[in-house]
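Have a look at the structure below, then the notes.
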Amino acid sequence: MTGLLANIDWGDIAAATRDTLAMLAGSLLLTIIIGLPLGVALFLTAPRQAWASRAVHGVLSVVVNVLRSLPFIILLIVLIPVTLALVGTSLGVVGAIVPLVAGAAPFFARLVETALREVDRTTIEAVLATGATTRDLVLRALLPEALPGIIAAATVTAIALVSYTAMAGAVGAGGLGDLAIRYGYQRFQTDVMVVTVVLLIALVQLLQMLGDRLVRRFSRR
Amino acid sequence: MIVLDGVHKRFGPGGAAALAGVDLRIARGEVFGIIGRSGAGKSTLVRLLNGLERPTGGRVVVDGTDVAALDAAGLRALRARVGMVFQSFGLLSSATAAANIALPLRVARLPAAAVAARVTELLGLVGLTDHADKYPAQLSGGQKQRVGIARALATRPEVLLCDEATSALDPETTREVLALIAALNRDLGLTIVLITHEIDVVRQVCDRVAVLATGRVVENGPVADVVLDPQHAETRALLADAGEAATTALRFAGEVVRFTMHGAEVAAPVISRVARATGTDISILDGRIGALRDTPYGQLTLGLAGGDVAAARALLAAHGRVA
Ligand SMILES: Nc1ncnc2c1ncn2[C@@H]1O[C@H](COP(=O)(O)OP(=O)(O)O)[C@@H](O)[C@H]1O
Ligand SMILES: [Mg+2]
């Protein structure tokens with residue numbers, strides 16, 4: 001039968017979708033776990049902040065900028081030895097997570113730093129004036145005040161990760177990107193391409209909607 | 001309670017001095033005003049008192065402790081004993097009124113039950129019991145500042161610092177918030193340092209006042225002395241800003257005197273008595289009857305003509321100050 005979706009193997013699609021979601025979930029979680037403290041550190045070491053240090057801020061900044069300036073496809077290849085050393089394989093969902101996090105965490109950290117800078121300076125001083133430690137300041141003031149901004153940052157990062165996972169597919173990570181390249185592009189199965197693209201678009205839409213809803217839920221201004 | 005000795009503050013090397021040798025003594029239990037124009041160094045001065053800023057010279061002593069010598073832990077302990085209120089409130093927009101007030105108590109690691117009890121008490125003190133669960137965005141300016149005051153008082157400090165606490169509020173709300181501040185001073189014996197650029201604020205609540213101009217104290221004393229008999233041009237200028245200039249006096253063809261009464265004298269029929277006794281006609285060219293905290297005062301610019309002008313001057317001087 002040469003129907004409209006003749007080349008589609010729904011089992012493959014389901015498996016690829018699962019892989020994409022697994023890569024996204026795993027890498028987003030790790031990105032937040034690493035990127036959030038990194039963003040806080042970038043903020044606190046900036047001039048006039050609690051840990052103001054030109055040296056530390058400078059080093060963190062350079063590391064973040066270097067990782068952000070590499071195109072993700074290059075990062076994928078450059079990091080293969082690191083990935084092998086860390087998780088034993090550079091293939092599949094597990095192998096993809098290292099470069100995904102390396103690409104997304106610095107990006108997320110910068111967005112977190114920007115969100116923290118939006119916190120009203122007087123509010124920070126008022127909290128310090130109560131005798132707060134830096135830890136109190138971060139946990140009780142900076143993060144709660146910046147929460148909508150941080151959620152928006154996580155949303156943008158998650159969407160960037162969706163596109164990264166598709167690229168990671170090209171170097172053996174699996175997922176929808178892999179499917180699109182192997183069948184849709186290399187074997188000219190346009191219907192496979194269309195289905196994967198539609199699924200990726202739906203995923204991005206879903207993430208954006210979820211993010212927007214959460215931002216609204218936590219905005220008190 | 002608070003002693004400043006030759007305090008200097010310079011922002012960054014080569015920067016202009018925000019404070020250039022300030023000496024001040026603020027007594028326990030008084031409301032001390034610091035007035036000056038924008039950029040005079042008022043905020044810098046008050047921020048030295050809780051270590052938000054460090055002096056580049058001189059000594060800042062609060063309740064016996066040298067603020068500049070404190071380590072981080074010492075500074076935090078001091079800040080629990082010194083509350084601060086800000087012009088733009090500085091409330092957490094992500095926290096309710098109650099949670100904002102609870103912040104210093106949580107920072108002080110009080111048990112949850114004690115925090116809840118104290119917050120309830122503070123909400124009552126500032127008249128916000130019905131607004132406990134509102135977020136700052138749902139409160140008026142006056143209500144926000146009440147939350148700010150309650151937060152500043154949470155840890156039962158001995159000193160309250162107010163940096164332009166009423167400058168963002170309308171006149172009516174300003175009066176209410178100042179009345180609250182005066183009541184806190186009276187009822188809790190709180191020492192209050194109040195920064196403002198409005199002489200009316202000084203009149204309404206302060207016991208003593210220092211006038212700050214470009215990083216120096218140019219005049220300093222009881223409010224009645226400074227407001228009724230200003231010595232420095234800067235003080236006169238601040239009074240003039242509030243509409244105190246006697247311009248009509250310039251057009252009077254006779255002797256012009258500035259007559260100041262303070263206390264019970266204000267209600268006495270001084271002018272008609274003087275006029276009757278001396279046969280001098282008295283014109284009121286400019287004037288103001290008001291109160292310095294709770295004490296009435298009157299300050300009039302009078303034109304004297306005819307009769308025995310010298311006797312009229314002398315008689316006036318028996319009831320107040322003539323200049
Ligand atoms: N953090 C800072 N960095 C550099 N200059 C500052 C800083 N804070 C205040 N200044 C300067 O110090 C002077 C006094 O400022 P401030 O104390 O805020 O005055 P006021 O509160 O009386 O308006 C101003 O010239 C201001 O520009
Ligand atoms: Mg100021």
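Bear in mind these aren't lab numbers, they're just calculated from the coordinates by the rules spelled out. Here the structure is a predicted model, which means the values were calculated and not measured. With ideal geometry, Cβ positions are generated from the backbone for all residues, glycine too; neighbour counts draw on all protein chains shown.
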Exercise. Which number do you get for Rg(Cα) / (2.2 N^0.38 Å) in the range B:154-217?
Worked result: 1.13
For this session: Give me the compactness ratio for the range B:14-74, meaning the Cα radius of gyration over 2.2 N^0.38 Å.
Result: 1.17
Exercise. Can you pull the Rg over Rh of chain B, Cα-only, Kirkwood?
Worked result: 1.06
Exercise. Can you tell me the Rg and Dmax of the protein assembly as shown, counting just the alpha carbons, in angstroms?
Worked result: 33.5, 125
Exercise. By count of other Cβ within 10 Å, fewest leading, how are A:W10, A:W51 ordered?
Worked result: A:W10, A:W51
Problem set entry | Bins of 5 Å, starting at 0 and running to the largest distance - Cα pair percent for the range A:10-218 | 1, 7, 14, 17, 16, 14, 11, 8, 5, 3, 2, 1, 0, 0
Exercise. Which value at 222 nm does chain B reach when only helices count, each DSSP H run of 4 or more adding -39,500 (n - 2.57), with the total divided by all residues and rounded to the nearest 500 deg cm²/dmol?
Worked result: -10500 deg cm²/dmol
For this session: Within 10 Å of each Cβ in peptide A:117-126, how many partner chain Cβ atoms are there on average? Round it to a whole number, please.
Result: 5
For this session: Please express the shape of the range B:255-322 as an equivalent ellipsoid: the semi-axes are the square roots of 5 times the eigenvalues of the C-alpha gyration tensor, given largest first in whole angstrom.
Result: 21, 12, 9
Exercise. How big is the range A:38-99 in terms of Cα radius of gyration and Dmax, in angstroms?
Worked result: 15.3, 45
Seminar exercise, completed: GNM on chain B, Cα springs under 10 Å; top mean-square fluctuation among B:L194, B:L285, B:L228 goes to B:L285
Seminar exercise, completed: Most exposed to least, judged by fewest other Cβ atoms within 10 Å, B:Y135, B:Y297, A:Y185 sort to A:Y185, B:Y135, B:Y297
Seminar exercise, completed: Taking chain A and counting helices only, DSSP H stretches of n ≥ 4 at -39,500 (n - 2.57) each over all residues, the nearest-500 ellipticity at 222 nm comes to -24500 deg cm²/dmol
For this session: List every DSSP H helix in chain B whose Cα atoms extend 15 Å or more along the helix's own long axis and whose mean Kyte-Doolittle hydropathy is at least -0.5.
Result: B:97-107, B:112-125, B:141-153, B:171-188, B:309-319
Problem set entry | Approximate spin-label separation B:R59-B:F11, in nm, with each point projected 7 Å along Cα-to-Cβ | 2.8 nm
Exercise. Given q = 0.24 Å⁻¹, what are the Debye log10 I(q)/I(0) values for the range A:77-178, with equal point scatterers placed on the Cα positions and solvent ignored?
Worked result: -1.13
Exercise. Arranged from highest to lowest average of other beta-carbon atoms within 10 Å per residue, in what order do the peptides B:91-98, A:86-93, B:49-56, B:15-22 appear?
Worked result: B:91-98, B:49-56, B:15-22, A:86-93
For this session: May I ask you to list the GluC sites (Glu not before Pro) in the range A:80-155 that are in a DSSP loop and have at most 11 other Cβ atoms within 10 Å of their Cβ?
Result: A:E118
For this session: Quick one: which residues, 5 or more positions from B:V217 or on another chain, have an amide H under 5 Å from its amide H? H modelled 1.01 Å from N in the peptide plane, none for Pro or chain starts.
Result: B:D23
Problem set entry | Interchain or long-range residues, amide H under 5 Å from B:T56's placed H | B:H8, B:K9, B:R10
Exercise. By Kyte-Doolittle mean hydropathy of at least 1.0 and Cα axial length of at least 30 Å, which whole DSSP H helices of chain A are selected?
Worked result: A:10-44, A:92-117, A:143-168, A:190-218
Seminar exercise, completed: Highest GNM mean-square fluctuation among A:A202, A:A129, A:A104, for chain A with Cα springs under 10 Å, belongs to A:A129
